[in-house]
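Encoded as structure tokens, the structure appears first; notes follow it.
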Amino acid sequence: MLSTRNLNKSFGSLVVAQDISISVPRGARYALIGPNGAGKTTLINLVTGMLRPDGGKIILGEEDVTALRPDARVKRGLARTFQINALFPQLSALESVVLAVLERKGESKAWWRSLPRYGEAVDEAFSILESLRLGPHCQRLTRELAYGQQRLLEIALALATRPRALLLDEPAAGVPKDESAELFTAISNLSRELTVLFIEHDMDVVFRFASRIIVMVGGRILVEGAPEEIARDERVREVYLGKRRHAFA
């Protein structure tokens, strides 16, 4: 569903992505891990069009999307979330997702009309919120939601674009430990037709929810494998020396 071929990116003499080739099958749950500065977010930015590569290709399904703008990639079925939320604090969760649905339908310019005028969009938005366990909170203002719920709302906005591939950049960043498990449980229950690639630093979460793990170091792929293979890899142990090492014990 999503692949890169020999992707490269440099800023002057600083190489941030070097010969990156990955392939994520339809419906898979892949984790992208590595120390700070490894190039994980840079890779997500390249794949989604926020950065232009110096070389290489990005393939969504069977289509080369390397030259497309970010919004065009979204329309092809490639969506993402960011490390920092970008939400509408004064809107309810339901209103926010309805706006995203209307944007996909090309009807967002009439946002000033009352919600009952958009019954189908409201139903779709509520269904998305329900799938992420936000249904009971749909009428609450975004600013009143717990932070973990706000992270789920951002995922809901991405799902409103009807993606085929969803990229999550540290979805649990800043989320209390007791909320992050609930957040990833909701993510793991998403449709198996949806391909998910997520960045995460919590190794307990990674090993619990990822079917395969890609490890990046210094802008390159160090190793890729199943969770049990990554746990035994001495190179990965070296990367995660210190307080993270217990996760590989």
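The values are calculated or read from the model by the stated rules, or taken from the named source; none is laboratory data. Since the model is a prediction, treat every value here as computed from it, not as a measurement. Backbone-built Cβ (ideal geometry, glycine too); neighbour counts: all protein chains shown.
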* Taking the stated definitions as given, is residue 135 loosely packed, with under 14 Cβ neighbours inside 10 Å, more than 30 Å from residue 15 (Cα to Cα), of a type in the set (Gly, Ala, Ser) and without any contact (Cβ under 8 Å) to a residue 60 or more places away in the chain? -> no
* Structure fact -> Out of (1) over 24 Å from residue 27 (Cβ atoms); (2) touching a residue at least 40 places away in the same chain (Cβ under 8 Å); (3) buried (at least 19 other Cβ atoms within 10 Å of the Cβ), the one residue 198 does not meet is (1)
* Residues satisfying the stated conditions in the stretch 49-73, i.e. closer than 18 Å to residue 221 by Cβ and either surrounded by fewer than 17 Cβ atoms within 10 Å (Cβ to Cβ) or not aliphatic (A, V, I, L, M) (or both) -> 53, 54, 55, 56, 57, 59
* To do: Could you list, in sequence order, all residues of the stretch 9-42 that are at pLDDT below 90, within 19 Å of the chain's Cα centre (by Cα) and of a type outside the set (Gly, Ala, Ser)?
  => 35, 36
* Asked: Cβ-Cβ below 8 Å, separation at least six or inter-chain, first residue in the stretch 168-183 and part of a helix (DSSP H, G or I), second among the charged types (D, E, K, R) and surrounded by fewer than 17 Cβ atoms within 10 Å (Cβ to Cβ): which pairs?
  -> 182/133
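Checking the structure you have, find out if any residue of the stretch 22-33 is more than 26 Å from residue 209 (Cα to Cα) and not basic (Lys, Arg). Full working, then the answer.
Step one: of the stretch 22-33, the residues more than 26 Å from residue 209 (Cα to Cα) are none.
Among the residues of the stretch 22-33, not one is more than 26 Å from residue 209 (Cα to Cα) and not basic (Lys, Arg), which makes the answer no.
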* Go through the stretch 178-195 and give me each residue that's more than 14 Å from residue 30 (Cβ to Cβ) and either among the β-branched types (Val, Ile, Thr) or touching a strand residue (DSSP E or B) at 6+ places or on another chain (Cβ under 7 Å) (or both). => 185
